[in-house]
Amino acid sequence: MLTAATLGMAAYGAYSVVVAVIDLLFRSRFELVADLGLAAFGLLLLLAAAFVRVLIPGGLLLAVGALLGLQALSIHADVHLAGSLAIAPQLVRGGFAVALVALAYLGGRVVRQNPVDGGQ
């Protein structure tokens, strides 16, 4: 579970950074600050994924903060591009973030309870 959460967080963070760089260099749909924020939260999530994997205290909270920042920027992008908020994509994105956090939390508990064999 912990590995799946880590890979999911890392993929989501890398995706966010790539989207921000593409938007900065080629499309320019958002403000500069929004793109830089997207890249910053993506990089923060990548770092937090590594902290979650090695069970550093506070790593999961750092990941939650980065996921909340990415969710806020997603809401900003919806309103900025479409002029209104599409609820379904926001719920899917939020559900994905909740699933990642739940996997990381439960995986961390299993590893802490049985540290010898990695919770297997």
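Any read-out appearing in this document is the output of simple, stated calculations on the displayed coordinates, not a laboratory observation. Just so you know, these numbers come straight off a predicted model, no measurement behind them. No Cβ is skipped: glycine too gets one built from the backbone with ideal geometry, and neighbour counts run over all protein chains shown.
At a glance:
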quantity: Shape call, the chain: gyration tensor on alpha carbons, a/c limit 1.5; calculated: prolate
quantity: Gaussian network model of the chain, Cα within-10 Å springs - most flexible of Ser74, Ser28, Ser16; calculated: Ser28
quantity: Selection from Ala50, Ser16, Ala77, by position along the positive dipole direction of the chain (Cβ); calculated: Ala50
quantity: Dipole magnitude (debye, nearest 20) for region 2-113, charges at Cβ of Lys, Arg, Asp, Glu; calculated: 380
quantity: Part-to-part distance (alpha-carbon centres) for region 61-109 and region 1-41, which is given in Å; calculated: 12
quantity: Protection proxy ranking, peptides 76-83, 60-67, average beta carbon neighbours within 10 Å, highest first; calculated: 60-67, 76-83
quantity: Helix-only [θ]222 nm of the chain, DSSP H runs n ≥ 4, -39500 (n - 2.57) each, per residue, nearest 500; calculated: -27500 deg cm²/dmol
